[in-house]
Amino acid sequence: MLIIIPIVPKSSMADDRIIVSVTILPQAYFVERIGGDRVDTRVMVPPGASPETFDPTPLQLLNLSRSELYFKIGSPNLEVEIRFQRFLQDHGKHISVVDMSTGVKTLKEDPHIWLSPAVVKAAASNICQALSSADPANTPYYRENLRSFLTDIDALDRRIKQKLMKKNGYVFMVYHSAWGYFAREYGIRQLAIEEEGRPLNISRIRAMISLARKKGIKTIFIQEGFDEKGASAIAREIGAKVVKVNPLERDWLKNLDDFSAILKVALKP
């Protein structure tokens with residue numbers, strides 16, 4: 001259960017941290033890597049909820065209105081962020097809204113921008129710029145933290161490329177199409193069982209069984225919180241295993257490291 005404590009206005013707080021709201025947990029990780037002890041980060045979509053279907057409560061919207069900065073994911077057509085934007089137009093005109101993905105080439109109908117190291121490098125720079133604008137006196141601190149974070153992202157990228165070496169063009173199967181940005185970056189392809197949120201039917205399941213057999217797929221990835229019956233049915237038919245992954249883990253760096261290690265095994269010919 002999510003317990004929400006109303007935010008105390010900054011003027012009455014004992015510290016002078018910047019109150020920042022973000023949409024999802026991985027963004028909190030990004031902001032805290034750069035903002036360090038200068039930020040007080042609030043996550044709008046709670047653990048276990050999907051940013052694609054989440055409906056914020058009035059109290060959560062009130063807390064959002066008490067922030068100084070709001071970092072949105074910035075993916076087109078992400079309904080929860082459209083709702084936040086509408087609310088802020090009337091109740092949060094004092095808040096600086098920052099599009100984390102400014103300068104990024106987005107994929108239609110895929111909001112999972114944060115699952116690409118290259119995209120997160122751009123997002124990190126956008127976050128650093130926004131924090132520096134809000135708190136100019138601490139710009140050197142933010143820039144140093146940014147340099148450290150970018151170094152870690154570059155190291156992550158090298159590890160992923162090493163794991164996925166010679167896997168270019170390989171296919172992996174997922175229930176929900178969360179890994180499009182990751183796949184684009186590393187030259188692999190995801191096959192999604194679910195079609196834009198529509199319920200599975202027998203013809204779709206049969207088609208995916210046939211395709212999975214053709215591609216030699218032995219692992220099906222499902223996102224925590226999604227119905228796994230369809231994926232399990234296909235897995236039984238093709239002798240595959242179902243593996244749960246969570247694209248919304250707060251520790252983004254470890255999460256992508258772990259996922260790429262699992263994927264390396266799954267992409268064996």
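The values are calculated or read from the model by the stated rules, or taken from the named source; none is laboratory data. Keep in mind that what you see is a predicted model, and the values were worked out from it rather than measured. Backbone-built Cβ (ideal geometry, glycine too); neighbour counts: all protein chains shown.
Here are the numbers for the structure shown:
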{"quantity": "Lone qualifier among G169, G180, G216 - being in the same structural domain as S260 (by TED's automatic domain parsing) and closer than 30 Å to E32 by Cα", "calculated": "G180"}
{"quantity": "Members of the range 78-126 found to be over 21 Å from S67 (Cα atoms), touching a Leu at 6+ places or on another chain (Cβ under 9 Å) and basic (K, R), listed by number", "calculated": "K121"}
{"quantity": "Residues within the range 214-228 that are within 16 Å of P199 (Cβ to Cβ) and of a type outside the set (V, I, T), tallied", "calculated": "3"}
{"quantity": "Index of the failed condition, R147 passing every other in (1) closer than 21 Å to V104 by Cα; (2) free of Cβ contacts under 8 Å to residues at least 12 places away in the same chain; (3) of a type outside the set (S, T, N, Q); (4) assigned to a loop (DSSP other than H, G, I, E, B)", "calculated": "(4)"}
{"quantity": "Helices (runs of 4 or more DSSP H) wholly inside the range 150-269 containing at least 3 residues that are surrounded by fewer than 19 Cβ atoms within 10 Å (Cβ to Cβ) and among the hydrophobic types (A, V, I, L, M, F, W, C)", "calculated": "202-215, 252-266"}
{"quantity": "Filter result for the condition that a residue is under 21 Å from the mean Cα position of the chain (by Cα) and more than 26 Å from R86 (Cα to Cα), over L107, L146", "calculated": "L146"}
{"quantity": "Qualifying residues in the range 71-112 (those that are touching a Phe, Trp or Tyr at 6+ places or on another chain (Cβ under 9 Å) and more than 30 Å from E194 (Cβ to Cβ)) - the one modelled with the lowest pLDDT", "calculated": "G92"}
{"quantity": "Pairs with Cβ under 7 Å, 6+ apart, first in the range 42-60 and within 20 Å of Y29 (Cβ to Cβ), second hydroxyl-bearing (S, T, Y)", "calculated": "R42/S21; R42/S67; M44/S21; M44/T23; V45/T23; P51/T23"}
{"quantity": "So D135, is it of a type outside the set (A, V, I, L, M), modelled with pLDDT of 95 or more and either more than 23 Å from T106 (Cβ to Cβ) or in contact with a Phe, Trp or Tyr (Cβ under 9 Å, 6 or more places away or on another chain) (or both)", "calculated": "yes"}
{"quantity": "Hey, V119 surrounded by 14 or more Cβ atoms within 10 Å (Cβ to Cβ), modelled with pLDDT under 95 and not basic (K, R) or not", "calculated": "no"}
{"quantity": "Out of G187, G230, G225, sole residue that is in contact (Cβ under 8 Å) with a residue 24 or more places away in the chain and either under 22 Å from S75 (Cα atoms) or basic (K, R) (or both)", "calculated": "G225"}
